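The values are calculated or read from the model by the stated rules, or taken from the named source; none is laboratory data. As the structure is a computational prediction, the values presented were derived from the model and not from experiment. Cβ placement follows ideal geometry from the backbone for every residue including glycine, while neighbour counts extend to all protein chains displayed. Ligands, DNA and RNA are stripped out before the accessible areas are found, and what is left, the full protein with its side chains, is counted by its heavy atoms. Shrake-Rupley method; radii C 1.70, N 1.55, O 1.52, S 1.80 Å.
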Amino acid sequence: MAKTTKRGGGKSKGTTGTGSNAALRAVIDDLVTGNRILYDQDIVDSYGHISARDPRDPQRFLLSRARAPGLVTAGDIMLFGLDGEVIGGDERPVYSERFIHSEVYKARSDVNSVVHSHSPTVVPFTVTQVRLLPIRGAFLYPEVPVFDTRDVAGFTDLLISNPALGRAVAQKLGQNSVVLLRGHGDVVVGATVRMAVHRAIYTEANAKLLLQAKMLGGPIKYLAAEEAAIIEGNQSRPRPGHGSDRTWEMWAAEARARTGKAR
């Protein structure tokens, strides 16, 4: 069934105005669209979030105020520092797990976008001994580690709600593209918002395919490291009409049709 949401509006605090530029507007547009796409593709529901590094200052990042992803508009985007602090005196509610984003940006200069979701088919791989191995998701190489809050903080509510837990998640992620959070979900990173969204969706797709393959039984032929390298090389090259460019165009159109045009 198609999803419907109310349309929102308003001006962003601390991110637009006389100091804005084309690069910033483009990132905010992709960030809003990315939120809508992830909701429309059932990667997030009322929870989960996506951020982008500020193209003007790598020590800052952009993230929505605490709001359901399917409702996010440009006016919801806030500016944060790499300690997870709000920049510019914006007093709106913020996501408690913003430290996932801040600490990953601190640790990985190559990352410009971070997605955190409770991707439904991925979650079972966080609580079993079955590894999430690549069938289609070439970016799942070299590995998909699993982070467990118990290992660093004992019994908690599983939320990554302070800098120490965020640092531990970033450390477990290492140089990989995806890290699983035990009983919780995953964190997916990319060089751009579009890449992070593409990877988040295909992490879920890979989990579904792997689950189905396991049900069929027998040996599974996973992507070889060499095949994955070729695929990722193709994905990283700008190719209009191909790869993530094609999927973004389709997903964005579907999200606009089902959630309304974000203002």
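What to note about this one:
- Using a simple spin-label model with pseudo-atoms 7 Å out from Cα toward Cβ, residue 130 and residue 47 lie 2.2 nm apart.
- Taking N as the residue count of the range 71-118, its C-alpha radius of gyration divided by 2.2 N^0.38 Å amounts to 1.19.
- Helix 98-107 vs. the chain, principal-axis angle (Cα, 0 to 90°, nearest 10): 70 degrees
- The structure shown yields Rg/Rh (Cα atoms, Kirkwood Rh), and of the options [x] 0.95; [y] 1.03; [z] 1.26 that calculated value carries the label [x].
- Cα long-axis angle, helix 163-173 against the chain (0 to 90 degrees, to the nearest 10): 40 degrees
- With every protein chain in place, the range 189-263: carbon and sulfur % of accessible area (1.4 Å): 58 percent
- A crude spin-label estimate for the pair residue 256 and residue 96, with each label 7 Å from Cα along the Cβ direction, gives 3.7 nm.
- Helix 225-236 and the longest principal axis of the C-alpha atoms of the chain enclose an angle of approximately 20°.
- Subtracting the Cα-Cα distance of residue 56 and residue 208 from 0.36 nm times their residue separation leaves 50.9 nm of extension gain.
- The phi-based Karplus calculation (6.51 cos²θ - 1.76 cosθ + 1.60; θ = phi - 60°) puts the 3J(HN,Hα) values of the range 202-207 at 7, 5, 4, 4, 5, 4 Hz, whole numbers, x for Gly and Pro.
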